[in-house]
Amino acid sequence: MSKWAIGVLAFLVVVIGALGAHSFNLNKELIALTELQKETSRQIMSLQGSINTLGEAIASQIEQTASQITGVESRINALSTEVAGIPTIDVKGLYEEVKPGIVEVVTEANGTKESTSSGFVFDPQGYIITAYHVVEKATKVEVVIYDGTISEASIVGYSPYSDVAVLRLHRPLDVYGLTLGDSNAVAVGDLVMAIGHPFDLPGTVTSGIVSQKDRYAEIEYDRGKTRWVANLIQCDAAVNFGNSGGPLINTKGEVIGLAVARIDPKEGEGIYYFVSSNKVKRVALSIIDRGFFNYPWLGVEITDLTPREARARKLDTTNGTLVTEVLAESPAALAEIKVDDIIVAIDGIAVSETANLTSYLGENKSPNESAMLTVIRDGERLELTVKLGKRAS
């Protein structure tokens, strides 16, 4: 073999070796790149999973937030409905509506100005309603209607135990009669307003809520003299001297009470009494028709049960009214009602306290009518029929 051939062969061996080494290195790099590609693919897949998980979490959060927003909107709508349902009283509007029916009642006793009080027009025929104690001593009565027109008035009749009086104008005037509402529909918390002429301040308006109904209260009228008055609505719409005889108005513009009294400011504030409109209407219609109202009379002294008295009688409730005295030859005596009887119902209507019984009698019964009393006597429940009498003036 020639030297040239050997040299070429040696060169080829070197070149082949170099190519092999290079090929080996390329193969290593290719393997490394393949592994890198696999790792990158794994990382991409892992990142994609994280992105998917995050996306699902965000979507879930968005869904929860949307649900919460929907709940808030529902609550807002519910609150809006509740707010819309809360009763309000348009004092200004109601005052403008009813003021033509409010009057001043000016009384004189033997030529001396006695007082200025309040009243309201019962009907366009010229009948005026006020409190009995406003005109009790009057020898002359004048009424001033809303436009300032003055008319003398006569006393048609009155009921001292209801503290209601009816007047009639001497002059035919164009007057606006107020509507009497159903006081049985009155509820504690109802919004009301009172209108009257306290301290010679015409057209004074106050507002408040009904605090309680069917009260029976001993009211002082003159120098320590008192009368028990039933069918009273208690409220915190302020009234003062001169408001007596003025109306208590509900949100419909109806009269639901007649102002008669207030708790002495020395004893407390915020307690004012109005005779219920159902009682006022019953008394007024009777007076207009017959000139008087006969108050039903049972002939007993009664009082609320105290917890001690209930326990002493082995009762588990204070509901009922306790008979403490039965007047001789009275309707109660003739019906054989006895002292210590507990009256728990009248005509099937529950009596939980004295005021319930007196209010029912005043608004629903008349002399010579019968009533069924349910009483508890020595643990026994009895039904007794009583024929009511006429209460003396």
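Laboratory data are not the source of any read-out in this text; all were calculated from the coordinates shown. This one's a predicted model, so the numbers in the text were calculated from it and none came from an experiment. All Cβ positions, even for glycine, are placed from backbone atoms using ideal geometry, and neighbour counts span all protein chains on display.
Of the cross-linked pairs K338/K387; K92/K266; K225/K252; K113/K213; K140/K252; K281/K390, those separated by over 27 Å at the C-alpha level are K92/K266; K225/K252; K113/K213; K140/K252.
DSSP loop (so not H, G, I, E, B), at most 16 other Cβ within 10 Å: list which GluC sites (Glu not before Pro) in segment 322-364 pass both filters. Mind showing how you got there, number by number?
Working: sites: E325, E329, E336, E353, E363; in loops: E329, E336, E353.
Taking segment 322-364 and a limit of 16 other Cβ atoms within 10 Å, the loop GluC sites (Glu not before Pro) found are E329, E336.
Across the chain, the longest run free of exposed loop sites, meaning chymotrypsin sites (Phe, Trp or Tyr not before Pro) lying outside DSSP classes H, G, I, E and B with no more than 16 other Cβ atoms within 10 Å, spans 1-175. Applying a DSSP loop filter and a limit of 13 other Cβ atoms within 10 Å to the trypsin sites (Lys or Arg not before Pro) in segment 120-170 leaves K137.
In the chain, which whole DSSP H runs stretch at least 30 Å along their own axis (Cα) and average -1.0 or higher on the Kyte-Doolittle scale?
Once both thresholds are applied, what remains is 3-85.
Once the Kirkwood radius over Cα pairs is known for the chain, the Stokes-Einstein relation at 4 °C and 1.567 mPa s delivers a diffusion coefficient of 48 µm²/s.
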